[in-house]
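Since the structure comes first, as structure tokens, the remarks are kept for the end.
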Amino acid sequence: MFSQRANYLIASSLHFRIVQNAARKAAPLLATLLVAITLNTGLSIPASAAPDDISVDSEYGNLKEVVVGVPYFIYPDRVPKWGKELMKILPKDEVAKAIARAGRDSKQIGKYDAMEKENKELIAILEKAGVKVWRPEVLTRGRVAENLGKDYVHYSGLSQQYTRDPFIVIGNNVIENAMGSLYRRCDIFGLQRVFMDRVMGSNARWVSMPIPDYSTMIANGNFDKTGFPVLEGGDVIVLGKKIFVGISQNRTTGSSDLGYQWLKSYLEPQGYDVERVRLADDILHLDVALSIPRPGLMIVCQEVMLDGVPSYFNGWKRIEVSRDETRYLAANGLPIDKDHYIMGYNSRYDNKRIKDALEAYGITVYPIFFGNHTEDGGSIRCSTNPLIRKESDVSSPSK
């Protein structure tokens, strides 16, 4: 079994390197064609038409472009057997809400508009800072059913708000993830237009993980992510060439150990050091328990990290959060740059303690009520996915 998995990972990485090499060989030809078109037609291609290079090399670099989610959800018609394991990641009061909404979508229950109001406040802060914002297409039941079948919609539902998870950007690598959560399989459909408009033709290495056969992950009503390479972006923390990958011990959601191994095999030839962080089974993603507002400073819940805080962070200053605060997304904020931080709060936690601690370090905090998001298990970082973070440009809202 081990050798089969190892061969699978190696073959997948080899496939991507072949595709990348072919793309590099094709680039000079494309450039030659572009020059020929310019010379023969007299058309000029202004330098301003070329967008900045896609690149993300930290959690706190100056944010220049980002994808913000859209609040379309479909709640499953019924809670499947594996749903009991999944529900461990939510507080009990939020579990009750999810069950009560079975079979309906966020528009039907009035939640879409409430969440979009919170999104618009977030987008206003980002745009005031000069950040370009992209949005996914809003999917429909029919579109999802045409791709995955009507039974999938009834059985699993969908969730489009939390754009951090379906893909990751590390350096100039744009990686479409194989999702460990069954109900997140169709997220990527709504992002294809963003990829075609922004990623295709850029400097990015745009690749996709091997897609698992989800039917083999379901047996006797149980769903198990552990036998396949699956990754979700909320588990990935980027700190230069150091990459952390969270692995929740919950078998129904989040990234798997094989997903960590796949990412390690893909990135290490590029000089990256990839390290896993094992998480308790009531924690969805690493970014629920860890945030890096600037170098040398972390917001962290040590209690949910099964092997403790990685030694990489020895000597760093810490703002500690409790397990309960973590489950209500207290640590799930977004740095605009090293001096500005967007933080969500809700009716359970106002996050004033964390806000005050960040401000004591000279960081300006922009709090947003995000309670309609957090009740479904995600906050500010979950709802955003950077395409460009640059250290050289200042990117902060004017006072």
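The values are calculated or read from the model by the stated rules, or taken from the named source; none is laboratory data. In this text, all values refer to a predicted model and were calculated from it rather than measured experimentally. Cβ atoms come from the backbone with ideal geometry, glycine included; neighbour counts cover every protein chain shown.
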- Note on the structure: Of the residues in segment 142-164, those that are over 23 Å from the mean Cα position of the chain (by Cα) and in contact (Cβ under 8 Å) with a residue 60 or more places away in the chain come to His154, Tyr155
- Message: Given the condition of a type in the set (Ser, Thr, Tyr), touching a residue at least 60 places away in the same chain (Cβ under 8 Å) and closer than 16 Å to Leu297 by Cα, answer yes or no: does some residue in segment 340-352 qualify?
- Response: no
- Item | Every pair of residues 6+ apart whose Cβ atoms lie under 8 Å, when the first sits in segment 205-216 and is more than 12 Å from Phe228 (Cβ to Cβ) while the second is part of a helix (DSSP H, G or I) and at pLDDT below 85 | Arg205/Gln20; Arg205/Ala23; Val207/Phe16; Val207/Val19; Val207/Gln20
- Might you check whether a residue that is in a helix (DSSP H, G or I), within 28 Å of Ala98 (Cα to Cα) and in the same structural domain as Gly130 (by TED's automatic domain parsing) occurs anywhere in segment 274-281? no
- Query: Of the residues that sit in segment 165-182 and are outside any loop (DSSP other than H, G, I, E, B), surrounded by fewer than 23 Cβ atoms within 10 Å (Cβ to Cβ) and not β-branched (Val, Ile, Thr), which one is nearest to the chain's Cα centre (by Cα)?
  - Reply: Glu176
- Message: Show me the helices (runs of 4 or more DSSP H) entirely contained within segment 105-164 in which 1 or more residues are within 16 Å of Gly371 (Cα to Cα) and touching a Phe, Trp or Tyr at 6+ places or on another chain (Cβ under 8 Å).
- Response: 111-128
- Is at least one residue of segment 314-321 surrounded by fewer than 24 Cβ atoms within 10 Å (Cβ to Cβ), in the same structural domain as Ile237 (by TED's automatic domain parsing) and at pLDDT below 95? no
- Item | Positions within segment 322-365 being assigned to a strand (DSSP E or B) and closer than 22 Å to Arg164 by Cα, in sequence order | Leu334, Pro335, Ile336, Asp337, His340, Tyr341, Ile342, Met343, Gly344, Tyr345, Val365
- Message: Take the residues in segment 350-386 that are closer than 14 Å to Arg294 by Cα and β-branched (Val, Ile, Thr); name whichever of them is surrounded by the fewest Cβ atoms within 10 Å (Cβ to Cβ).
- Response: Thr364
- Just to be sure, is Leu267 assigned to a helix (DSSP H, G or I) and buried (at least 22 other Cβ atoms within 10 Å of the Cβ)? no
- In segment 120-132, which residues are under 10 Å from Leu63 (Cβ atoms) and surrounded by fewer than 17 Cβ atoms within 10 Å (Cβ to Cβ)? Gly130, Lys132
- Task: Please indicate, with yes or no, whether at least one residue in segment 254-261 is within 28 Å of Tyr361 (Cβ to Cβ), crowded, with 18+ Cβ neighbours inside 10 Å and in contact (Cβ under 8 Å) with a residue 24 or more places away in the chain.
- Result: no
